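Written below as structure tokens is the structure these notes are about.
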Amino acid sequence: MLDKEDVQVTRQKLQACHSNIKMSPGKTSVNIVNLGRVAYRSALQIQQQYVRQHFDSSSQTPNTVLLCEHDPVYTTGIRRASYPAEEEQRLKDVGAEFFRTNRGGLITFHGPGQMVCYPILNLGCFKKSVRWYVCELEKTVIKMCDKFGIKASTSPDTGIWVGNNKICAIGIHCGRYITSHGLGLNCNTDMRWFDHIVPCGIVGKGVTSLSQELGWDVTIEEAAPVFLEAFSEQFNCTLNKADLLQNH
């Protein structure tokens, strides 16, 4: 199990790797853009800009992973469930925003202390299979948890689990093999936000976080480099730090 000092060393090593990265023959290059704390609406607009550029045949848009943290927000996906106006207002009244989206899955929460990852990838550069892509995301999170000494796994329900508690929600969209939306990994999230919903519509299960499992405060800043290391290994790609596209 990694202690706080080990995590810091891992973070420093990965940061050094990013600043001195060398392209490997046969490996796809993926840009990493850290948006920091950003409103959910803004993150949607940024995702849409990257997706549109992929669809523009005159543009050579790089594969990109957007990392961010949101202000409190509840989001729903395209799976059939009833979220009437009264339910939407109830959730807004507790201090969060509410958005209906085109991702997979049911209702979930994003907010401070949760690392959100939006890969905007052309699966033609990897493998043209949505099922493969979701499996690789799942394996990435499981590998990351293993680096922290946490035994995580998939289940018949969506997401990544530690026992009967979900540590990471996954909900993606894919059109013409260009991906958007992604995952939310609880680092040091205030878990009380989940008390107001049935996360992902799964009754009888709980939620957890890296901090809750390890017994010490794990920040997004500590978790992100470990996640990116697992991502580069699982997707067999090289990572490059990049700036946000202009005119978003």
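Here is a check on your reading of the model: is T238 assigned to a loop (DSSP other than H, G, I, E, B), polar (S, T, N, Q) and at pLDDT 95 or above?
Numbers: assigned to a loop (DSSP other than H, G, I, E, B): no; polar (S, T, N, Q): yes; at pLDDT 95 or above: yes.
No; evaluated as a whole, the condition is false for this residue.
Inspect segment 93-102 for any residue being within 16 Å of the chain's Cα centre (by Cα) and not aliphatic (A, V, I, L, M) and give the result as yes or no.
Yes, segment 93-102 has at least one match.
To keep it simple, each residue is scored yes or no on (1) surrounded by fewer than 16 Cβ atoms within 10 Å (Cβ to Cβ); (2) of a type in the set (S, T, N, Q).
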{"position": "L183", "(1), (2)": "no, no"}
{"position": "N186", "(1), (2)": "no, yes"}
{"position": "M191", "(1), (2)": "no, no"}
{"position": "V198", "(1), (2)": "yes, no"}
{"position": "V203", "(1), (2)": "yes, no"}
{"position": "A224", "(1), (2)": "no, no"}
{"position": "L228", "(1), (2)": "no, no"}
{"position": "F231", "(1), (2)": "no, no"}
{"position": "N236", "(1), (2)": "yes, yes"}
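Which pairs have Cβ atoms under 8 Å, sit 6 or more apart or on different chains, and link a residue in segment 155-174 that is under 14 Å from C135 (Cβ atoms) to one that is open to solvent by 50 Å² or more (accessible area, probe 1.4 Å) and among the hydroxyl-bearing types (S, T, Y)?
Taking only residues 6 or more apart or on different chains, the pairs are I160/S153; I160/T154; I170/T158.
Kindly indicate the residue of segment 28-42 that is in a strand (DSSP E or B) and of a type in the set (S, T, N, Q) and also most open to solvent (accessible area, probe 1.4 Å) among those meeting that condition.
Looking only at segment 28-42, we keep the residues that are in a strand (DSSP E or B), and these are 28-38.
From what is left, the residues that are of a type in the set (S, T, N, Q) are 28-29, 31, 34.
On the way: T28: 30, S29: 40, N31: 32, N34: 115 Å².
Ranking the qualifying residues of segment 28-42, first place goes to N34.
Being out of contact with any Lys or Arg (no Cβ under 8 Å at 6 or more places or on another chain), of a type outside the set (S, T, N, Q) and open to solvent by less than 30 Å² (accessible area, probe 1.4 Å) narrows it down to one residue among I142, I178; which is it?
Only one candidate qualifies: I178.
Would you mind telling me which numbered condition in (1) modelled with pLDDT of 95 or more; (2) hydrophobic (A, V, I, L, M, F, W, C); (3) more than 24 Å from E222 (Cβ to Cβ) I202 fails?
Exception for I202: condition (1).
Filter segment 43-60 down to residues that are hydroxyl-bearing (S, T, Y) and without any contact (Cβ under 8 Å) to a residue 40 or more places away in the chain and give me whichever is least open to solvent (accessible area, probe 1.4 Å).
In the first step, residues of segment 43-60 are kept if they are hydroxyl-bearing (S, T, Y); the result is 50, 57-59.
Then drop every residue that is not without any contact (Cβ under 8 Å) to a residue 40 or more places away in the chain, which leaves 57-59.
Values: S57: 120, S58: 101, S59: 35 Å².
Across segment 43-60, the extreme among qualifying residues is S59.
Filter segment 205-222 down to residues that are within 24 Å of G36 (Cβ to Cβ) and in a loop (DSSP other than H, G, I, E, B) and give me whichever is most open to solvent (accessible area, probe 1.4 Å).
D217
The values are calculated or read from the model by the stated rules, or taken from the named source; none is laboratory data. Everything quoted here is computed from the prediction, not taken from an experiment. We place every Cβ from the backbone using ideal geometry, glycine too, and count neighbours over all the protein chains shown. The protein model used for the area step is the full one, side chains on, heavy atoms only, and it has no ligands, DNA or RNA in it. Shrake-Rupley method; radii C 1.70, N 1.55, O 1.52, S 1.80 Å.
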